[in-house]
1. Normalised by the empirical 2.2 N^0.38 Å for globular proteins, what value does the Cα Rg of the stretch 218-271 take?
2. Compute the distance from the alpha-carbon center of the stretch 295-326 to that of the stretch 354-424, in whole Å.
3. Based on the mean of other Cβ atoms within 10 Å per residue, sort peptides 123-131, 410-418 so the most packed one is first.
4. Run a plain Debye calculation on the stretch 465-592 (Cα atoms as equal point scatterers, no solvent) and give log10 I(q)/I(0) at q = 0.10, 0.17 Å⁻¹, rounded to two decimals, same order as the q list.
5. Calculate log10 I(q)/I(0) of the stretch 188-329 for q = 0.09, 0.14, 0.15, 0.21 Å⁻¹, where I(q) comes from the Debye formula with a single equal point scatterer on each Cα and nothing for solvent.
6. I'd like the FRET efficiency for residue 569 and residue 274, computed as 1/(1 + (r/R0)^6) with the beta carbon distance as r and R0 of 30 Å, rounded to 0.05.
7. What whole number of Å gives the distance from the Cα centroid of the stretch 270-288 to the Cα centroid of the stretch 50-91?
8. What ranking do 440, 485 get, fewest neighbouring Cβ atoms within 10 angstrom at the top?
């Protein structure tokens, strides 16, 4: 009996010891940067198996879409320590199996084509190389916890390397990752980027600017410091010793992607002197930096440890991304970059986006989170009718939660307290993700009251948010500037191509929807009159009027009847309520740090 128990235990011990001894090193070079290639050598040492399997991730954390990075891999070969070519077979879309008899070391060579400009994909040309690690580095199956070293060989013109990875002492351009989750979460910028630094919240911050631009370094240092310190104050702790901002300045650019101790941001290079664009950039900085806590450390249970081969489903992106989208603009208000009036304008804009999207009455935000993998990053002509953004809707649920808690506790607590409690409980104490139920329980504990209405009606259903109730707590009200308008509405958007008016979208429930117009229809005439400007012609009609449209559909002429409805577009303004009492105004001041 003892022998039977000992044998599998011994095998397990041997496997653990073998994995612990495995060494993985990457060598990255650029023999043809002008053709957008990255040359990768992967060396795996201390093997003790007949076969070795390596894989390329199919997605990158923070961007919930299967991107099939293996499609850019070319020239995969493997050899042993003596340079003898080993037999290898591609077994799945992103996996290679290598026959390694008696080999103590395997050297793998492959190339990656990198020519996609975004914050989440790799790009190489003669001016720089941006490596998004999940699209560059393979991993050994079952050994994501193994450490890795990475040595970069820049071309002569490139003099700078910016990354959140630790440097290897005594070895030029070499870095260390304690495991592959950290490697995959550490983008690398290589080139001649302009680098400057600032200290904030006890953390050294590096800013790496690629692409030039009309930015003011000293202003950025001051303003980014304010954001870092304001966000750190929510949690009373900053989890990093060093943080890297990689900023890609293109002619037209935007967006960002969060990482454990770094971020990648996009900005239009000559927009820093435009005050609105600059404020938007600071909001982006605030968004990605807030992810240090919310997502990278406070995370839905499904988001880590990651499965890099498949979708990682969660219903909580409305918290992970939506709450972060709420805090980015709130931080810009708290730090004074937005005036009170400007912040109300920003909030009104988000509410208008939600309320004017028909999909808001179709898709619950929890479902939008779960279906991000198949819908959010793959919009089509009907997406506005069938989906809602977990960023926008989630940010407004964060807003109403914040106001509900502030009101229930007479301003003693707010959403900040929920976020700090989440950080302390699930990152510091339990070191794991939270479930949907656990988040709700914790939020209710902070609020001191049940939050069933918010969950049942706004998170898991599509009922209209009662904004009037929550804004009343802080003495604000929404005014619809279009409430008394009675303008006719067809319900289409269109573009003019080669002089032809082509329908691009049709709004759910509109005259065009009910009448049977299709996307890609060419509108030729209305009521026997040639159409040159569709909007102007519809404006000459009346609500309830029946019109006949002459269209071209796939080369066939058709007459379509449609009865015009009232334009349902809402244009809210958020303004102080004249009837607001002193308690509401005091709560407003606390909420926005006025």
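None of the figures in this text is laboratory data; all of them are computed from the coordinates on show. Everything numeric here is computed off the predicted structure, so don't read it as measured data. Cβ placement follows ideal geometry from the backbone for every residue including glycine, while neighbour counts extend to all protein chains displayed.
1. 1.27
2. 14 Å
3. Ranking the peptides 123-131, 410-418 by packing returns 123-131, 410-418.
4. -0.48, -0.83
5. Debye output, listed in q order: -0.28, -0.67, -0.76, -1.35.
6. 0.60
7. Going from one Cα centre to the other spans 39 Å.
8. 485, 440
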